[in-house]
Amino acid sequence: MAETSQGAVPILVLKEGTGRTTGKEAQKNNIMAAKIIAETVKSSLGPLGMDKMLVSSIGDVTITNDGATIMKELDVQHPAAKMLVEVAKAQDNEVGDGTTTAVVLAGELLVKAENLLNQGIHPTIIIEGYKKASEKALEVLDKLAIPVSTDDEKRLVDVALVSLETRVATARDHFAKLAVKAVKQVAEETSGKVKADIDLIKVLKKHGKGLDETELVRGMVIDKEVASSQMPKLVENAKIALLSAKLEIEKTEFDAKINIESPEQMKLFLDEEERMLREMVDQIVKSGANVVLSEKGIDDMALHFLAKANILAVKSISSGDMEKLAKATGGEIVANLKDLKPEMLGKAKIVEEVKVGNDKLVYIRECKNPKAVTIVIRGGAEHLIDEAERSLHDALCVVRNTVEDGKIVAGGGAPEAEVARQLREFATKVGGREQLAIEAFAEAVEEIPLTLAENAGLDPIDIMVALRAKHEEAEAPYYGIDVFSGKIRDMLEMKVVEPLRVKQQIIKSATEAANMIVKIDDLIAAKGGGKGPPMPPSGGPRGMGGMGGMPPY
């Protein structure tokens, strides 16, 4: 960057070739980039939203309408657009659902902010107005929330069904019930608060059969086969030893030479190894275990002794699966065989090897009160199974949110319409220029029901007029858009409900991203983003033809 001093000598402040955009131009650029990203996912919002087909650079195809997945697969270059991708990631990590809504709202907040900037309103006033509006919106949502108990299984299934509305059409009810059962199984109450860690729900995808044959296993499924063909393939009333110790002879850590001069000595050496392995297996037998699940390897000789003792063994199980197995079976992971005692064994009704498609899996079924469970997804096509997994993740997240918070709100654009109405009333009380920003926020929030109507092929203007009119009535905060009939109806009656936490996080994520982008008034981009060799100074001698990066001779 060059500036001219009194002697008209150019002063280089920034590196040659650096691009710089300032003021209104920078804001316009950033807002435009963010708007394009929001437009990309807008058509996938709602129960009648469309799917996107994303093809990666190596030809992998993903078909989805999950906002987080679309964002992940897009190779976004613009720094402001990347912020919206971060919004989707934050939404997905925090609450697992509502990613599309969060991105659409952030994009709309920026569109409204651009209009205000064009009217000469300072970015700081817009940011302050948006902050006040988001705080008020969170307050309104909290008042709209309806309490729901963990035992209210019907309500929890309704929440899961709304999340699954656009996906797995043939098996929605089945998936919703599985999600509720799985979350309730792993939920634990500590100091009066319910906690449900969905990482304890293992999801396994296996090609074949149909989506409706997806099953919940009250225990664990390990993607391994039984370690030896001589072992039993089914054990009832299993007593399970969970080992993180090797069932192998430890190799010495230092260099040792053993001189064996006769076959007798060799036999003694091998006999000693065999005796040590037999001793290890005897300790397992003595504990009463009839199933061994090991994180480490198992020596072939040890496998032979285990098979002779009629014990089923599985080796090389991942540490994550071992932790889940301990939670599921109620057993303890043992690091030293000498510590193995009968009370440390896990229990399950059945442990069996099952052939699924071309693979063999080990099922640990019907554990007494498993605090870790497995869902095995089946389906006819790979893309279908992948989308089913994404849908199930969303359903598990929304059920978890509802179980932990015990609060739900109506769906179908009802909370957004109510938030917008109350924000307009709030704006007149605030007054001043901030009033314009709060009103802009209210309009942006209304974009959610508007988009739902658009994606359902309804007339958005007619729908919005009817929705606003309904919310002006005293007792109508739960009225939203029934996209299938095109009417304004009570969403609670229609069982269209969502977790409060999802709606609150949407407001938080979208407001933070919009405010961050509005606050930027200077975009300084280093040439080439730090890649490749530096270019020679302009006007100076250049390197050889076609090698502009070479230093001058």
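Could you state the angle between the C-alpha long axis of helix 414-430 and the longest principal axis of the C-alpha atoms of the chain, as a value from 0 to 90 degrees rounded to the nearest 10? Result, in degrees: 50.
Summing +1 for each Lys or Arg and -1 for each Asp or Glu, what net charge is found among the other residues whose Cβ lies under 12 Å from the Cβ of Ser56?
Details: positive: Lys72; negative: Asp60, Glu73, Asp75.
Here the charged neighbours net out to -2.
Axis of helix 263-287 versus longest Cα principal axis of the chain: the two differ by about 60°, to the nearest ten degrees. Only helices enter this figure: runs of n ≥ 4 DSSP H residues, each worth -39500 (n - 2.57), summed and divided by the residues of the chain, yield -15000 deg cm²/dmol at 222 nm to the nearest 500.
What does the convex hull of the alpha-carbon atoms of the range 279-323 project to on average, in nm²? Before the final figure, lay out the partial values.
Numbers: hull surface 12.4 nm².
Convex hull of Cα atoms, orientation-averaged projection: 3.1 nm².
Ordering Ala238, Val291, Met322 by the projection of their Cα atoms onto the charge dipole of the range 219-369, which places +1 on the Cβ of Lys and Arg and -1 on the Cβ of Asp and Glu, puts Ala238 at the extreme positive end. To the nearest ten degrees, helix 153-163 and the longest principal axis of the Cα atoms of the chain are 60 degrees apart. For Ser44, the residues whose amide H sits under 5 Å from its own are Met50, ignoring neighbours fewer than 5 places away on the same chain, with H placed 1.01 Å from N. Residue by residue, the range 30-46 carries 3J(HN,Hα) couplings of 5, 5, 4, 4, 5, 4, 4, 4, 4, 4, 4, 8, 3, 6, 9, 7, x Hz when phi is fed to the Karplus relation 6.51 cos²θ - 1.76 cosθ + 1.60 (θ = phi - 60°); x denotes Gly or Pro.
Placing +1 on the Cβ of every Lys and Arg and -1 on the Cβ of every Asp and Glu, with nothing else charged, gives the chain a dipole about its Cα centre of roughly 220 debye. Put in order of Cβ neighbour count within 10 Å, fewest first, the listed residues Val194, Val518 become Val194, Val518. Note that the range 219-369, at 10 °C in a medium of 1.306 mPa s, gets a Stokes-Einstein diffusion coefficient of 98 µm²/s from its Kirkwood radius over C-alpha pairs. Toward the positive end of the charge dipole of the chain, with +1 on the Cβ of Lys and Arg and -1 on the Cβ of Asp and Glu, the farthest Cα among Val518, Leu492, Ser134 is that of Val518. Using the Cβ atoms and a cut-off under 11 Å, what net charge is assigned to the surroundings of Leu243, where Lys and Arg are +1 and Asp and Glu are -1? Local charge sum for Leu243: 0.
Only Cα pairs under 8 Å and at least 6 apart count here; give the relative contact order of the range 293-365 as a rounded whole percent. Before the final figure, lay out the partial values.
On the way: 68 pairs, mean separation 14.7, N = 73.
The value is 20 percent.
Centre-to-centre separation between the Cα atoms of the range 115-187 and those of the range 450-516: 11 Å.
When only Cα pairs below 8 angstrom with a gap of at least 6 residues are kept, the range 219-369 shows a relative contact order of 42 percent.
Run the numbers on the range 284-413 and let me know its relative contact order in percent, using alpha-carbon pairs under 8 Å that are six or more apart. Let's see the in-between values first.
Values: 120 pairs, mean separation 22.3, N = 130.
It rounds to 17 percent for the range 284-413.
Of Gly120, Thr99, Leu84, whose Cα points farthest to the positive end of the dipole of the range 44-120 (charges on the beta-carbon: +1 Lys, Arg; -1 Asp, Glu; origin at the Cα centre)? Sorting the options by dipole projection puts first Gly120. A simple count of charges around Ser43, restricted to other residues whose Cβ falls under 9 Å of its Cβ and scoring Lys, Arg +1 and Asp, Glu -1, yields 0. Pairwise inverse Cα distances across the range 162-265, averaged and inverted, put the Kirkwood hydrodynamic radius at 19.6 Å.
The alpha carbon centroids of the range 331-392 and the range 52-104 are separated by 31 Å.
Every number in this text was worked out from the coordinates using simple rules, so none of it is lab data. Just so we're clear, the structure is a prediction, and the values are computed from it rather than from any experiment. Note: ideal-geometry Cβ built from the backbone for every residue, glycine included; neighbour counts use all protein chains shown.
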